Structure formats: structure tokens, C-alpha cells
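Trainee: Shown below is the structure under consideration.
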Amino acid sequence: MSTTLRPVTRVLRGMPASDGAGVKLTRLIGTPLAPEIDPFLMLDEFRSDTPGDYLAGFPDHPHRGFETVTYMLAGRMRHQDNHGHSGLLVPGSVQWMTAGRGIVHSEMPEQEDGLMWGFQLWVNLPARDKMAAPRYQEFAPDAIPDVQPATGVSVKLIAGELAGATGPVQGVATAPLYFDITLAPDATWTTDVPVGHQAFVYVFGGELQTGSEGHRHPIARGQLAVLGQGDAVELQAGGAETRLLLIAGQPLGEPVARFGPFVMNTREEIEQAFNDYREGRF
Ligand code: FE2
């Protein structure tokens, strides 16, 4: 059986945004140009060594109806919620939080200077799971397999399977794949992505080429490429070390009613979320 390489269907650049109490970040998904890439509702990159850009953090705020995934590359972030859960995210660690029916939490930098760099991805939940009990999956860097599937290719496997290894994040409704990939200069690697999954790559170092047979696209640092259907993705580094996220998940194909930190299926459910939050039912 021959392999169909996924084509590039769109190339997006992020937009500068400010969230929380004034944290400066780059929003890649969740913008007017790319409101969502089902099941992904938002992707932010925060990267700054200017404390004024991040010190204010994300004080208490609610979430209902989806999952937030925080992956740190540099810096330390303290997480605390209204159910007594707290944790410290360090470089290389990940927190996959299923907000379900609701939590109120804060995400605050635990440093006063230095580089703060990481990603927050929002993953939608199917209607049947939106009111499930909140759940945390938190992993230290050494719990994340670092797989070398080919020469010059190194993959931190946060979610999904690769070369006989399995990422620590388990039991997520959209069966996601979340790979942090480093390619040596000029390295080429082709990897399977489940057919039917929605997939994208985001380049945060070097330069990548990807696409279908005969239609390769250059994807520069800071660009996100949405991939079309196929059964595999071909990744080719440019002349420098190249770093990227490869993220995929099963699209839900359900109506999305969204207001700030609440993502439900109908407007009535959003109003219910507001009422529940106001009346302290989170
Ligand atoms: Fe949050």
C-alpha cells in the first residue's frame, strides 16, 4: 500500500495578543483568521525574557467544557485551583487539564526574571464529556519518552504512539498526538498520523519543508501549517536544526458555542456556565 503524504492546506502566522492580567503572547489558533482547527480551539505561544511581559500571570479564572494543555520549554509556572490541586510546571513538563464541568484556577510565573517560554493548547471535549469531573494529567520531563525514530530525529512524545513508545497522556476523547520534534540540519523523516485526524505543525526553530509529493511548502519559524488528509506527514529540516510541534486529534464535528473561558455546544449552555460560575458552582 502506498503512502499518501498530507498536503499543506493553509499557512498561518500568529497574532500578538494579551491575556490573563496582561501576559504578552502570540496567538496561533483562536484568531479571526483561524478561530479553530477542530478539535483545537486555541494555541498560544508565550516567549519572553522581559519580566514585564509575563509577571502579571493568569490570576483566578474559570474554564468549562474543554481541556487546556500547558507545555513548558523554559521557565517555571505555578498552577493552583479551587479544588485544592496545585503543581509546578518546570521546563520540559506538561499539564493536560480536562476542565470538564468546571474549575477556577490561576497560572502564575514562579520566577522574577529570565526566559519564560511555552505553549498552551485548548482541546475541545465532545458534548458527552463537557460536564465530566475535572481531571489532571501532569508529567515531569523524565516521564516524557524521548524517542529517536531515525537518524537526526528526536521526538518528545507527550501524547500518542511512536516506535513502540507511548506518550504519558492517556484516555483523552480526541485521541490526540502531541509530538515535540527536533530535526538535525537537513534531516528528513516521515511519520504516520491517524487517517481522519486533523493535524498541524508549528515551527519554533529553524525552517521546515512539508507537504504532499511534488508540493512541498517552506514553513518558517513562527508559522503554523494546517495539513490536509493523508496517512503520513513528511518533515524535512532546512540547513539549521529545526524544532516543531506536530499535533493531531479527531475532529468532533459538533456545534461550538464559545464565550471566553467557556466552550459548550449551545448558547443556553454558555448562559448556564455563567450562572454556575457566578453562583460558585465550579
Ligand atoms: Fe487557565
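Trainee: When you go through Ala232, Ala225 one by one, which is the residue that is surrounded by fewer than 18 Cβ atoms within 10 Å (Cβ to Cβ) and at pLDDT 95 or above?
Mentor: Working: Ala225 fails: surrounded by fewer than 18 Cβ atoms within 10 Å (Cβ to Cβ).
The unique qualifying residue is Ala232.
Trainee: Further, regarding this structure: Determine which member of the set Asp146, Asp129 is open to solvent by 30 Å² or more (accessible area, probe 1.4 Å), more than 16 Å from the ligand (Cβ to nearest atom), at pLDDT 95 or above and closer than 24 Å to Thr191 by Cα. Explain how you work it out, then say what you get.
Mentor: Working: Asp129 fails: closer than 24 Å to Thr191 by Cα.
One residue alone meets the criteria, Asp146.
Trainee: Could you please find all residues in the stretch 193-207 being assigned to a loop (DSSP other than H, G, I, E, B) and either open to solvent by less than 10 Å² (accessible area, probe 1.4 Å) or on the phi < 0 side of the Ramachandran plot (or both)?
Mentor: In the first step, residues of the stretch 193-207 are kept if they are assigned to a loop (DSSP other than H, G, I, E, B); the result is 193-197, 206.
Of everything in the stretch 193-207, those that are assigned to a loop (DSSP other than H, G, I, E, B) and either open to solvent by less than 10 Å² (accessible area, probe 1.4 Å) or on the phi < 0 side of the Ramachandran plot (or both) turn out to be Val193, Pro194, Val195, His197.
Trainee: Can you tell me which residues in the stretch 63-117 are open to solvent by 10 Å² or more (accessible area, probe 1.4 Å), out of contact with any Lys or Arg (no Cβ under 8 Å at 6 or more places or on another chain) and of a type in the set (Asp, Glu)?
Mentor: Across the stretch 63-117, the qualifying residues are Asp81, Glu112, Asp113.
Trainee: Among (1) open to solvent by 40 Å² or more (accessible area, probe 1.4 Å); (2) more than 20 Å from Phe282 (Cβ to Cβ); (3) within 15 Å of the ligand (Cβ to nearest atom), which single condition is Tyr136 missing?
Mentor: In the conditions (1) open to solvent by 40 Å² or more (accessible area, probe 1.4 Å); (2) more than 20 Å from Phe282 (Cβ to Cβ); (3) within 15 Å of the ligand (Cβ to nearest atom), Tyr136 misses (2) alone.
Trainee: Turning to a different aspect of this structure: Kindly evaluate Asp60 against the criterion of being assigned to a strand (DSSP E or B), acidic (Asp, Glu) and surrounded by fewer than 15 Cβ atoms within 10 Å (Cβ to Cβ). Working first, answer last.
Mentor: Numbers: assigned to a strand (DSSP E or B): yes; acidic (Asp, Glu): yes; surrounded by fewer than 15 Cβ atoms within 10 Å (Cβ to Cβ): yes.
Here the answer is yes, as Asp60 does meet what is asked.
Trainee: If I ask for residues that are within 15 Å of the ligand (Cβ to nearest atom) and of a type in the set (A, V, I, L, M), which ones from the stretch 96-124 would you list?
Mentor: Met97, Ala99, Ile103, Val104, Met108, Leu121, Val123
Trainee: Give Thr182, Thr190, Thr210 a once-over and let me know the one that is surrounded by fewer than 16 Cβ atoms within 10 Å (Cβ to Cβ) and either in contact (Cβ under 8 Å) with a residue 60 or more places away in the chain or part of a loop (DSSP other than H, G, I, E, B) (or both).
Mentor: Details: Thr182 fails: surrounded by fewer than 16 Cβ atoms within 10 Å (Cβ to Cβ); Thr210 fails: surrounded by fewer than 16 Cβ atoms within 10 Å (Cβ to Cβ).
It is Thr190.
Trainee: Counting just the residues of the stretch 240-282 that are more than 27 Å from Gln229 (Cα to Cα) and among the basic types (Lys, Arg), which one comes out least open to solvent (accessible area, probe 1.4 Å)?
Mentor: Arg281
Trainee: Which ones in the stretch 8-35 are more than 16 Å from the ligand (Cβ to nearest atom) and either of a type in the set (Val, Ile, Thr) or under 22 Å from Tyr277 (Cβ atoms) (or both)? Give the steps one after another, and end with the answer.
Mentor: The first filter runs over the stretch 8-35 and keeps only residues more than 16 Å from the ligand (Cβ to nearest atom), leaving 8-16, 24, 26, 28, 31-35.
Answer for the stretch 8-35, where residues must be more than 16 Å from the ligand (Cβ to nearest atom) and either of a type in the set (Val, Ile, Thr) or under 22 Å from Tyr277 (Cβ atoms) (or both): Val8, Thr9, Val11, Thr26, Thr31.
The values are calculated or read from the model by the stated rules, or taken from the named source; none is laboratory data. From a predicted model like this one, the values you see are computed outputs, not experimental measurements. Note that we place each Cβ from the backbone using ideal geometry, even for glycine, and neighbour counts take in every protein chain shown. Side chains are part of the model used for accessible areas, which takes the heavy atoms of the whole protein and leaves out ligands, DNA and RNA. Shrake-Rupley method; radii C 1.70, N 1.55, O 1.52, S 1.80 Å.
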